Amino acid sequence: MCLSLRQKGYREMLRQSLTLDSEGRPFRMLVFRGSPKSRRKRNYVIDEMRRDIDAEVLGNGIKQHESRRLPTKEVKVLDAPKIKDDFYVNLMDWGKNNVLAVALGSALYLWNAENQEVKKLLEVQGDNDYPTSVAWSEKATSLAIGCMKSKLQIWDPETSKCIRSLGGHQSRIAAIAWNGHTLTTGSRDRSIINHDVRVRNSPTSRIQAHTEEVCGLKWSSEGNVLASGGNESFIYIWEASKMSSSNFLHRFNAHNQAAVKALAWCPYQFNVLASGGGTGDGCIKIWNINQGTCTHSIETKAQICGLEWNRHHKEILSGHGYGNSGVQNHLCLWKYPSMTKVGEINRHGRRVINLSQSPDGLTVVSAGGDETLRFWEIFGPPRVENSASDFENLLSFKTSLIR
């Protein structure tokens, strides 16, 4: 069937945009070389190119397909035997080096998303001791591991050696967050400790504000504010410059006596924090930190185990556990700021324990109590209606660099 003049014009415009740069030279897409940072930059260039094409298409009277569709299934499933099906732990983190760290039983494994290689980094020794939290440093040069019996270590993934052992906690470390050279940890002993990893006597401050276990920690992208969530349902907001005084900026208590583990700072509104409550609450709340107010509250009626913002669209993804609704064990995608549901996915046989996203922000991995890691191409840019079929794969977010 012949293409209409409008389709031919769109196809030629698309071909030029994908094959030529601004000076008319051949454009090379998705070259597998350079640092992870440079690869992320290319993805943003692709996003900008899509927006430019879409704007020109709209100017020529071609209707853009605006609706977002969730994938019907995952693009990859990895077995995760012995993963702890525990709401309070944080067992997985995807670093900027494109390596996924995940704790399985007493062992910690590294999965390289570029070459699919798996390496066992460590095995925790001791009766009933195992990793309960993991977090990559900002540049992914170091990996912090907190354990059930309060052990805290920093490992070099290149040499597979422990380079620091840090003390201070008396019980399991369920949450870890990095902020430059500061390593922040939260424990069942109800304390939050800041360590300066550059010095021998590393603890710089110790905060005892939560009355139950600290199970959620997140530094803002600018590094000036910390959010902490506890089993007693409180969320504390701390200013980095005032943490040594233990004076908090805000204390929120709106999650109906349920644990707050899921915390996520908005990547495009730095004063916005999302939080999720446990089984007794099941609400996603959006907070304006400047005003100290809750701007949105969505009742899901299921435990919220993880939250991840979409850096390419104004959306947020929630991972769910136990509950009395149809979203139990589901992933749900929400538009922001309307907080209307885009859709949901049900592929895990048990609750979603943790969520993490790839360095380019296109792929999300969910760890489930069903002992699987499931990878979702859920955050990619939308497709454009009437695009030429032979270029459709180039626009598709299936071209993610982690493949």
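Couple of notes before you dig in:
- Within the range 129-150, the set of residues being open to solvent by less than 70 Å² (accessible area, probe 1.4 Å), more than 27 Å from T372 (Cβ to Cβ) and out of contact with any Phe, Trp or Tyr (no Cβ under 8 Å at 6 or more places or on another chain) comprises just one member, S150.
- Within the range 201-212, residues that are farther than 14 Å from Y236 by Cβ reach partners that are part of a strand (DSSP E or B) and among the charged types (D, E, K, R) with beta carbons closer than 6 Å, at six or more positions or on different chains, in the pairs S202/D196; T204/D196.
- Matching residues, the range 179-191, being surrounded by fewer than 23 Cβ atoms within 10 Å (Cβ to Cβ) and either touching a strand residue (DSSP E or B) at 6+ places or on another chain (Cβ under 8 Å) or under 18 Å from Q208 (Cα atoms) (or both): N179, H181, T182, R188, D189, R190, S191
- Of all residues making up the range 220-243, the number that are open to solvent by 10 Å² or more (accessible area, probe 1.4 Å), in contact with a Lys or Arg (Cβ under 9 Å, 6 or more places away or on another chain) and among the hydroxyl-bearing types (S, T, Y): 0
- Residue check for F248: within 25 Å of R172 (Cβ to Cβ), hydrophobic (A, V, I, L, M, F, W, C) and open to solvent by 10 Å² or more (accessible area, probe 1.4 Å): yes
- Here the condition is being crowded, with 24+ Cβ neighbours inside 10 Å and not small (G, A, S); of I304, I286, it holds for I304 alone.
- Residues of the range 270-313 satisfying the condition of being on the phi > 0 side of the Ramachandran plot and of a type in the set (G, A, S): G282, G292
- Selection within the range 308-333: residues that are more than 15 Å from the chain's Cα centre (by Cα), of a type outside the set (G, A, S) and over 25 Å from L104 (Cα atoms). The member of this set that is most open to solvent (accessible area, probe 1.4 Å) is N324.
- Index of the failed condition, G126 passing every other in (1) surrounded by 14 or more Cβ atoms within 10 Å (Cβ to Cβ); (2) touching a strand residue (DSSP E or B) at 6+ places or on another chain (Cβ under 9 Å): (1)
- Qualifying residue in the range 250-262 (condition: in contact with a Leu (Cβ under 8 Å, 6 or more places away or on another chain) and of a type outside the set (D, E, K, R)): yes
- When the range 195-219 is filtered for residues that are of a type in the set (S, T, N, Q), open to solvent by 10 Å² or more (accessible area, probe 1.4 Å) and under 23 Å from I154 (Cβ atoms), the ones remaining, listed by number, are N201, T204, S205.
- Subset tally (residues that are outside any strand (DSSP E or B) and either more than 20 Å from P359 (Cβ to Cβ) or out of contact with any Gly (no Cβ under 6 Å at 6 or more places or on another chain) (or both)) for the range 140-179: 16
- When the range 334-350 is filtered for residues that are part of a loop (DSSP other than H, G, I, E, B), exposed (fewer than 15 other Cβ atoms within 10 Å of the Cβ) and in contact with a Leu (Cβ under 9 Å, 6 or more places away or on another chain), only N346 remains.
- Selection count where residues are under 21 Å from G361 (Cβ atoms) and of a type outside the set (A, V, I, L, M, F, W, C), scope the range 74-114: 10
- Residues in the range 233-254 that are closer than 19 Å to S297 by Cα and not β-branched (V, I, T): S233, F234, Y236, H250, R251, F252, N253, A254.
- Test result for N224, out of contact with any Leu (no Cβ under 7 Å at 6 or more places or on another chain), closer than 24 Å to K314 by Cα and in contact (Cβ under 8 Å) with a residue 12 or more places away in the chain: yes
The values are calculated or read from the model by the stated rules, or taken from the named source; none is laboratory data. Bear in mind the structure is a predicted one, so any value in this text is a computation, not a measurement. Methodologically, a virtual Cβ is constructed for each residue, glycine included, from the backbone with ideal geometry; neighbour enumeration extends over all protein chains shown. For the accessible areas, the whole protein counts, side chains as well, though only heavy atoms, and no ligand, DNA or RNA atoms are used. Shrake-Rupley method; radii C 1.70, N 1.55, O 1.52, S 1.80 Å.
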